[in-house]
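Notes follow the structure.
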Amino acid sequence: MTGLKKSIPAIAALALLGSVAMPAMAADAPGEGKTIKMAQATWDTGWFHSEVYKQLFEELGYTVDGPTTLDNPPFYQAVGYGDVDLWVNGWFPIHDTYRPAFEESAEIIGAVAAGGALQGYLVDKASAEKFDIKTLDDFKRDEVKEAFDRDGDGKADLVACPPGWGCEVAIEGHLTEYGLKDHINEIKASYSASMADAVAAHDSGEPILFYTWTPNWTVNELKLGEDVVWIQVPEEATEENAAAGIASCVADPCVMGFEANDIVPVANSKFLEENPAVAAVLKTASIPLEDIFAQNSAMNDGADSPEDIKKQASDWIEKNREMVDGWLEEARKAVD
């Protein structure tokens with residue numbers, strides 16, 4: 001009996017300590033016991049920042065289911081319905097066509113990389129100079145079509161975008177609007193495979209025409225201004241449609257046909273309300289385009305396995321630990 005009496009104060013003390021420690025642990029890991037259903041885009045140049053954000057969520061205690069790789073239409077429909085919670089692969093305004101599928105119940109929040117994400121059409125510099133190519137309209141000329149016709153169908157071959165990508169819709173719109181459907185053949189197979197084929201063709205001295213965006217491994221293999229140049233769409237330059245100061249374009253200002261895009265997270269609104277720590281991360285975190293470009297180049301050089309991408313993301317987080325800890329602290333404060 002005596003031993004039991006002596007143990008009661010000790011038990012009370014432990015209970016008191018537990019009551020203090022448990023809220024501190026909850027504050028450190030606000031996602032404990034919660035799962036995020038995360039998606040990622042089909043283009044592998046977006047997988048690095050998906051993995052960075054996944055690891056940030058995991059540091060907050062969340063279990064992350066995925067990311068599940070989805071095309072644009074199913075993702076935007078799923079995030080609207082709440083079947084998935086978020087991704088960090090939104091490209092706007094080029095994804096504006098998907099807004100009706102999600103805007104009533106999901107939202108754009110924060111920015112992985114705001115502005116500066118260029119996209120448009122490029123040709124090899126040698127052909128641009130040889131044939132005086134300035135715009136897509138030049139591919140109506142027989143000698144240009146013949147030079148860029150790699151499959152013998154009488155049309156210039158353009159490495160375009162696979163079905164379901166936002167850029168596929170934009171490219172189709174351009175070719176229709178400018179009367180180019182009878183002059184340019186769109187290659188819509190796997191983008192990475194098609195571009196690898198185009199790079200090999202360029203290395204063999206053949207003319208190439210392709211669509212790309214930055215950041216992307218393609219402009220590491222084919223140096224802007226040295227190997228390839230941006231060409232324009234056939235529109236008169238205005239303050240709204242032209243970008244100034246792009247040294248690797250055939251004209252300044254350059255009418256690229258695409259606005260500079262923001263790479264942004266898109267998340268289900270109800271999920272954000274229930275998970276303020278996640279909302280805080282999405283609002284505060286960002287990744288410099290240069291860092292995404294560097295990882296994309298490493299991936300293209302062969303460091304492209306899931307394990308490679310996980311390590312690239314964790315290395316980036318540790319390299320930027322002070323900044324990352326600031327984001328996580330804001331996330332923890334959001335649940336106080």
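For the stretch 163-194, which positions are β-branched (Val, Ile, Thr), under 20 Å from Leu118 (Cα atoms) and open to solvent by less than 40 Å² (accessible area, probe 1.4 Å)?
Selection gives Ile171 alone.
Could you tell me whether Glu235 is open to solvent by 20 Å² or more (accessible area, probe 1.4 Å) and without any contact (Cβ under 8 Å) to a residue 24 or more places away in the chain? Explain how you work it out, then say what you get.
On the way: open to solvent by 20 Å² or more (accessible area, probe 1.4 Å): yes; without any contact (Cβ under 8 Å) to a residue 24 or more places away in the chain: yes.
So Glu235 passes the test.
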Does the stretch 254-272 contain any residue that is free of Cβ contacts under 8 Å to residues at least 12 places away in the same chain and not hydrophobic (A, V, I, L, M, F, W, C)?
no
Restricting attention to the stretch 47-61, does a residue exist that is open to solvent by 60 Å² or more (accessible area, probe 1.4 Å), at pLDDT 70 or above and touching a strand residue (DSSP E or B) at 6+ places or on another chain (Cβ under 7 Å)?
yes
All positions within the stretch 60-92 that are of a type outside the set (Phe, Trp, Tyr), over 21 Å from Ile292 (Cα atoms) and not in a strand (DSSP E or B):
Leu60, Gly61, Pro73, Pro74, Gln77, Ala78, Val79, Gly80, Gly82, Asp83, Val84, Asp85
Could you figure out which of (1) surrounded by 20 or more Cβ atoms within 10 Å (Cβ to Cβ); (2) within 20 Å of the chain's Cα centre (by Cα); (3) in contact (Cβ under 8 Å) with a residue 40 or more places away in the chain isn't true of Pro67?
(3)
The stretch 154-194, residues that are closer than 22 Å to Asn300 by Cβ, at pLDDT 95 or above and of a type in the set (A, V, I, L, M, F, W, C):
Leu158, Val159, Ala160, Cys161, Ile187
Restricting to the stretch 99-118, name every residue that is open to solvent by 30 Å² or more (accessible area, probe 1.4 Å) and assigned to a helix (DSSP H, G or I).
Arg99, Pro100, Ala101
Name the pairs: first residue in the stretch 182-194 and under 15 Å from Leu209 (Cβ atoms), second residue among the β-branched types (Val, Ile, Thr), Cβ to Cβ under 6 Å, at least 6 apart or on different chains?
Ile187/Val159; Ser194/Val159; Ser194/Ile187
Please determine, by comparing only the residues of the stretch 125-135 that are open to solvent by 10 Å² or more (accessible area, probe 1.4 Å) and outside any helix (DSSP H, G or I), which one is nearest to Leu70 (Cα to Cα).
Thr135
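For the stretch 238-249, state whether one or more residues are touching a Ser or Thr at 6+ places or on another chain (Cβ under 6 Å), crowded, with 23+ Cβ neighbours inside 10 Å and under 28 Å from Arg141 (Cβ atoms).
no
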Per-region count, the stretch 195-224, residues modelled with pLDDT of 95 or more, open to solvent by 10 Å² or more (accessible area, probe 1.4 Å) and out of contact with any Phe, Trp or Tyr (no Cβ under 8 Å at 6 or more places or on another chain):
8
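The values are calculated or read from the model by the stated rules, or taken from the named source; none is laboratory data. Treat the numbers as computed from the prediction; the structure is a model and nothing was measured. Positions of Cβ are generated from backbone atoms using ideal geometry, with glycine treated the same way; all protein chains shown enter the neighbour counts. Accessible surface is based on the protein model in full, side chains and every heavy atom, while ligands, DNA and RNA are left aside. Shrake-Rupley method; radii C 1.70, N 1.55, O 1.52, S 1.80 Å.
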